[in-house]
Amino acid sequence: MSRPRIAIALVTLALLFFFASALADDVVVLTEENFEKEVGQDRGALVEFYAPWCGHCKKLAPEYEKLGASFKKAKAVLIGKVDCDEHKSLCSKYGVSGYPTIQWFPKGSLEPKKYEGARSAEALAEFVNSEGGTNVKIAAVPSNVVVLTPENFDEIVLDEKKDVLVEFYAPWCGHCKSLAPTYEKVATAFKLEDHVVIANVDADKYKDLAEKYGVSGYPTLKFFPKGNKAGEDYDGGRDLDDFVTFINERTGTSRDAKGQLTSQAGIVESLDILVKQFVSASDEEKKSIYTQLEDEAQKLTGPSARYGKIYLKAAKSCLEKGADYAKNEIERLERMLAKAINAAKADEFILKKNILSTYA
């Protein structure tokens, strides 16, 4: 690998780390290494000791994340969690024998008080406000999951321009409650994809819809791709990565679990082959290959048509500004990506960077 490509790869890794950090949960992840640096210091701390496989923990997760988001700016309080499968000795130290166990650590103390109240965000907030001397109200967290009803179901799900994943759920269903935080993260990961919809429908309330699509248990997930509006059963895994992989494969997207575009986003194989020829060609040959790129780009449809325009603009700039254009432009884009920019602008820059990397 050439030095420029190594440099590009290293910066890309750094950017991915930056984005992952920026999108971290509002609940502080506590470990054996950082526990006493965060807890028992100059602020009170509410700590959930949990196990990843625990059903009650999964049920609590969306409420606890809502709590963390609400107290994120409260400097007097920390909302944290400890994975007891990973940090057994830490959980043992604080007498944890069941999951989830929630404990309050007063400011300046490592002697906890066990929380025995209800496991809703509102009840937890009331407790923290009382113990920590704060006055925080639970923030309404907007959802990226589209709520379906009989009135909008056909308009959204049967739209031939959309790929739609639908969860048929019941409000009383424990498995549905466990799936809810993961499903929300799936919706958030693909919120910038205009042709991908992550939706749910209360099948207990709208029984006719459930019956129409053969739903007899909850949650039932069905995928309605552009080419099959009869719907297909989703039989894949129910972890975030499972959903993300499925949607990327079936809809042509290139997102990771955090919603960031991957290094493959925007890459079109047929154009990539011509770019390899373009890069190694003489100046006269480049003009001929550019014409071939134009012809090939005109054949593209959907999102790929947009990528084709970026390929052509890059090739034209290389012709006009010389061989170093791609490398210099990639470096400029990486500087822009390192700044605080909105997600849509980050998508735009990553697409350009990915395509330009084929010219570098």
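The values are calculated or read from the model by the stated rules, or taken from the named source; none is laboratory data. Since the model is a prediction, treat every value here as computed from it, not as a measurement. Because the Cβ atoms are built from the backbone with ideal geometry, glycine has one as well, and the counts that use them run over all protein chains shown. Side chains are part of the model used for accessible areas, which takes the heavy atoms of the whole protein and leaves out ligands, DNA and RNA. Shrake-Rupley method; radii C 1.70, N 1.55, O 1.52, S 1.80 Å.
General remarks:
- Protection-proxy order for peptides 173-179, 79-85, each taking the mean of Cβ atoms within 10 Å per residue, highest first: 79-85, 173-179
- Couplings for the stretch 300-316, taken from phi via the Karplus curve 6.51 cos²θ - 1.76 cosθ + 1.60 with θ = phi - 60°, read 6, 10, x, x, 4, 4, 5, 5, x, 5, 5, 4, 5, 5, 5, 5, 4 Hz in order; Gly and Pro are left as x.
- With 23 Å as the limit, the listed pairs LYS161/LYS258; LYS258/LYS339; LYS162/LYS352 have LYS161/LYS258; LYS162/LYS352 beyond it between alpha carbons.
- For the stretch 32-71, trypsin sites (Lys or Arg not before Pro) are listed when DSSP marks them as loop and at most 14 other Cβ atoms sit within 10 Å of their Cβ; the list is empty.
- Measure of compaction for the chain (Cα Rg per 2.2 N^0.38 Å): 1.21
- From the C-alpha gyration tensor of the stretch 269-358, square roots of 5λ in Å: 24, 17, 8
- What you get for the stretch 146-251, charging only the Cβ of Lys and Arg (+1) and of Asp and Glu (-1), is a dipole of about 120 debye around the Cα centre.
- Heavy atoms of the protein chains alone define the surface here; on that basis the stretch 146-251 has 49 Å² accessible area per residue at 1.4 Å probe size.
- Ordered from highest to lowest accessible area with the whole protein assembly present and a 1.4 Å probe, LYS161, LYS226, LYS212, LYS286 read as LYS161, LYS212, LYS226, LYS286.
- With 23 Å as the limit on Cα-Cα distance, the pairs of LYS286/LYS309; LYS185/LYS345; LYS191/LYS229; LYS287/LYS309; LYS229/LYS345; LYS66/LYS185 that go past it are LYS229/LYS345.
- Distances between placed amide hydrogens fall under 5 Å for VAL146 paired with ILE198, ALA199, ASN200, all partners being 5 or more residues away or on another chain.
- Per the Cα gyration tensor, the stretch 155-288 maps to an equivalent ellipsoid with semi-axes of 39, 16, 10 Å, ordered largest to smallest.
- Semi-axes of the equivalent ellipsoid of the stretch 66-181 are 37, 19, 13 Å, computed as sqrt(5λ) over the eigenvalues of the C-alpha gyration tensor in descending order.
- Pair-distance distribution of the stretch 38-79: all C-alpha pairs, bin width 5 Å, starting at 0; shares per bin in whole percent are 5, 23, 25, 21, 16, 9, 2.
- Space enclosed by the convex hull of the alpha-carbon atoms of the stretch 28-132, per residue, Å³: 87 Å³
- Within the accessible area of the chain (1.4 Å probe), percent carbon and sulfur: 51 percent
- In order along the stretch 66-79, the phi-based Karplus estimate (6.51 cos²θ - 1.76 cosθ + 1.60, θ = phi - 60°) of 3J(HN,Hα) comes to 5, 4, x, 5, 5, 9, 4, 9, 7, 5, 7, 9, 10, 10 Hz; Gly and Pro are listed as x.
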